[in-house]
Amino acid sequence: MSNSEELLTFAEELIREKMDNYLSDLQRTVLLTTLQENKKTYDQIADECGYSPKYLKQDVAPKLWQLLSEVLDKKITKFNIKTILEEQMRHQEPVVEMLPVSFAVSSPTSEKGNILLVDDQPENLKLLSDLLEEQGYEVQQAINGLIALKAIAVSSPDVILLDIHMPELDGYTVCQKLKANPQTQDIPVIFVSALDEAWDKVKAFSVGGSDYITKPFKTVEVLARVENQLKVRHLQLQVKFLQQQLEQKNQQLQQLLQQL
């Protein structure tokens, strides 16, 4: 892990501990780019990520620096953040584990998400796959519902983009099967369809869909909706991670009490 990535991880840990908050993928990109001392402008970052420069400069970046200012109790800008984080890391007291770890605790998923695309039209799969892979997401593809269910059984994605009209199993049926399975019921499903009638959207949400994108889709909309659902998914995994930690501490406490 590079120094800039270590600083990013350290900053995110401080944000979670002090503010009970998390960075969005776009905020994380801005911060990492700054820590790498990359000379990219906000316009360049926005263009690479598929967002408008105005949105990044007037909303994303100001909120990022304000959040870090509150966490670090100093006025933070893109010009001083690396120096301040490095100083903070040097003075950070090491965490001392008082009890031995008796079993491993799994950590949440990686920074970028694993996305499964399900569509019977190869051109749609390629278009979405290229778009998401450019943003650093790991992408899997399934040409129909049956293949999708088999792929999910092997490795659960973080988010599923699911077409509605497909042969054999339509998107509604695939989503119902996922929500009926305790192992897959929490995976966010974003329906992607040319259908734009209110009834279609109501049915999509009624079978467990988390969001709905209408074709032809816009790049910014797809990325924003995927990022939003990934944030929800990561929060769910954080809760499970914390529950595992709590169970571990309880077990360690019981072991300690038995030794007294």
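In the chain, helical runs assigned H by DSSP with n ≥ 4 each contribute -39500 (n - 2.57); averaged across all residues and rounded to the nearest 500, the mean residue ellipticity at 222 nm is -17500 deg cm²/dmol.
Taking the 1.4 Å solvent-accessible surface of the range 4-56 as the whole, the part contributed by carbon and sulfur is 41%.
Inter-part distance, the range 124-138 to the range 20-82, computed on C-alpha centroids, equals 24 Å. Rounded to whole Å, the principal axis extents of the Cα atoms in the chain read 59, 56, 30, largest first.
Provide the gained length on full extension for the span Leu146 to Lys249, in nm with one decimal, where the gain is 0.36 nm per separating residue minus the Cα-Cα distance.
Working: separation 103, 0.36 × 103 = 37.08 nm, distance 4.14 nm.
Contour length minus Cα-Cα distance gives 32.9 nm.
The chymotrypsin sites (Phe, Trp or Tyr not before Pro) of the range 8-71 include none that DSSP puts in a loop with a beta carbon having at most 11 other beta carbons within 10 Å. At a Förster radius of 30 Å, what calculated FRET efficiency corresponds to the Cβ-Cβ distance of Thr83 and Asp186, to the nearest 0.05? With a Förster radius of 30 Å, E is 0.15. Taking only the Cα atoms of the range 134-183, the radius of gyration and Dmax are 11.1, 33 Å. Between Gln58 and Gln36, the distance separating the two model label sites (each 7 Å from Cα on the Cα→Cβ line) works out to 2.8 nm. Note on the range 2-59: the C-alpha convex hull projects to 4.1 nm² when averaged across all orientations.
The reciprocal of the average 1/r between distinct C-alpha atoms defines the Kirkwood hydrodynamic radius, which for the range 7-99 equals 14.0 Å. Taking every protein chain into account, the accessible area of the chain amounts to 57 square angstrom per residue (probe 1.4 Å).
Which of rounded, prolate, oblate describes the range 26-72, given a ≥ b ≥ c as roots of the alpha-carbon gyration tensor eigenvalues and a/c under 1.5 marking rounded, otherwise prolate only if a/b is larger than b/c?
Working: a/c = 2.39, a/b = 1.33, b/c = 1.79.
Note, shape of the range 26-72 comes out oblate.
Surface composition of the range 120-260: carbon and sulfur atoms hold 54% of the protein heavy-atom accessible area at a 1.4 Å probe.
For Glu5 and Ala194, compute 0.36 nm times the residue count separating them, minus their Cα-Cα distance, and round to one decimal in nm. Numbers along the way, then the final one.
Numbers: separation 189, 0.36 × 189 = 68.04 nm, distance 4.02 nm.
Length gained, Glu5 through Ala194: 64.0 nm.
Loop-located GluC sites (Glu not before Pro) in the range 139-229 (DSSP state other than H, G, I, E, B) with a sparse environment of at most 13 neighbouring Cβ atoms within 10 Å: Glu168, Glu197.
The values are calculated or read from the model by the stated rules, or taken from the named source; none is laboratory data. Here the structure is a predicted model, which is why all the values come from computation and not from measurement. Because the Cβ atoms are built from the backbone with ideal geometry, glycine has one as well, and the counts that use them run over all protein chains shown. In case anyone asks, the SASA skips ligands and DNA or RNA and just uses the protein heavy atoms, side chains included. Shrake-Rupley method; radii C 1.70, N 1.55, O 1.52, S 1.80 Å.
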